[in-house]
Amino acid sequence: MRKVFLQLLIASTIGIRWINASDTEDIEDMDDVREKRDISKKKLFGEKGKGLFERYATVSIVIRDAVCYSAPSKSQFTVHLLALDFEDRFLSALRINGRNFTYDKSISSYTYRRKVLYKHRSGLGLLQCFHEGYVDCAPRADAVMIRFEAVPDDPWAIDHIDVQVYFQAGYAGKTWQIWHFEHSVLKPCNAWLDSRATYQFGPRNGLFIKHDYWYFPGPFERIRDWV
């Protein structure tokens, strides 16, 4: 090990002071420094960024009925929350079965709130995923797809969909982040889920599009964002 005579800046609780490296132990070589840095990174992100606290997010969804005659529905459905890039290309999705929603008559809405274990395609945990530059490390709802079964034959009129995602990020996962997404229907009483099909809400505000039942975007496919 070699000695290097230089000055090191050390922060202490009483201020900033300078010391001479010759008065300290031998300076570690760069391989040792890198090894310790990697160990510190693993403590922060977990082994391969897969610490348990990093991969959970709480997802809250409210699907509010339109204010028109016979708007509510008891038909079966599946919700897909879509994460898109800045050019509306599909990145990932979170699928939620309609059986996990609860209908609240007092607010005329289907509601869902649950902590989910979200696995990003990179295999990384939440913190490391963001660190690597991905934007869909936690569930997003840049657009929402509802696959409507129309069983029983009971049409549904939706006024708007609210989605909130809560997760911990920042140093050691101690900072709470809240993402909010809202998709309103421009003319809710004229835009019914009235047959077995997949219906798209967003990404533009007010956008409502009917697709074939089995429609789902492929990886990095740009989804339709026009009427």
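The values are calculated or read from the model by the stated rules, or taken from the named source; none is laboratory data. From a predicted model like this one, the values you see are computed outputs, not experimental measurements. Heads up, the Cβs are rebuilt from the backbone with ideal geometry, glycines too, and the neighbour counts pull from every protein chain shown.
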Self-check item: Hits in region 66-99 (condition: over 21 Å from P203 (Cβ atoms) and touching a strand residue (DSSP E or B) at 6+ places or on another chain (Cβ under 6 Å))
Solution: C68, A71, P72, S73, N97, G98
Exercise. Residue by residue through region 50-67, note down the ones that are part of a loop (DSSP other than H, G, I, E, B) and either crowded, with 20+ Cβ neighbours inside 10 Å or at pLDDT below 90 (or both).
Key: K50, G51, R55, A66
Exercise. Could you please find all residues in region 198-211 being part of a strand (DSSP E or B) and crowded, with 18+ Cβ neighbours inside 10 Å?
Key: T198, Y199, Q200, F201, F208, I209
Self-check item: Complete set of residues in region 91-111 that are of a type in the set (G, A, S) and part of a loop (DSSP other than H, G, I, E, B)
Solution: S106, S108
Quiz item: What are the residues in region 175-227 that are of a type in the set (S, T, Y) and either in contact (Cβ under 8 Å) with a residue 24 or more places away in the chain or within 15 Å of M145 (Cβ to Cβ) (or both), if any?
Solution: S184, S195, T198, Y199, Y213, Y215
Quiz item: Cβ-Cβ below 7 Å, separation at least six or inter-chain, first residue in region 89-104 and more than 24 Å from P217 (Cα to Cα) and free of Cβ contacts under 8 Å to residues at least 24 places away in the same chain, second of a type outside the set (F, W, Y) and assigned to a strand (DSSP E or B): which pairs?
Solution: T102/T111; D104/T111
Quiz prompt | Where R140 falls short, out of the listed (1) in contact with a helix residue (DSSP H, G or I) (Cβ under 9 Å, 6 or more places away or on another chain); (2) of a type in the set (D, E, K, R); (3) over 18 Å from Y110 (Cα atoms) | solution = (1)
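Conditions (1) part of a strand (DSSP E or B); (2) surrounded by 16 or more Cβ atoms within 10 Å (Cβ to Cβ), marked per residue:
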site	(1), (2)
P152	no, no
A157	yes, yes
D162	yes, yes
Q177	yes, no
H180	yes, no
H183	yes, yes
Y213	no, no
Quiz prompt | Residues satisfying the stated conditions in region 124-133, i.e. assigned to a loop (DSSP other than H, G, I, E, B), at negative phi and without any contact (Cβ under 8 Å) to a residue 40 or more places away in the chain | solution = E132
Quiz prompt | Unique match (being surrounded by 14 or more Cβ atoms within 10 Å (Cβ to Cβ), of a type in the set (K, R) and either in contact with a strand residue (DSSP E or B) (Cβ under 7 Å, 6 or more places away or on another chain) or assigned to a loop (DSSP other than H, G, I, E, B) (or both)) among R121, R114, R140 | solution = R140
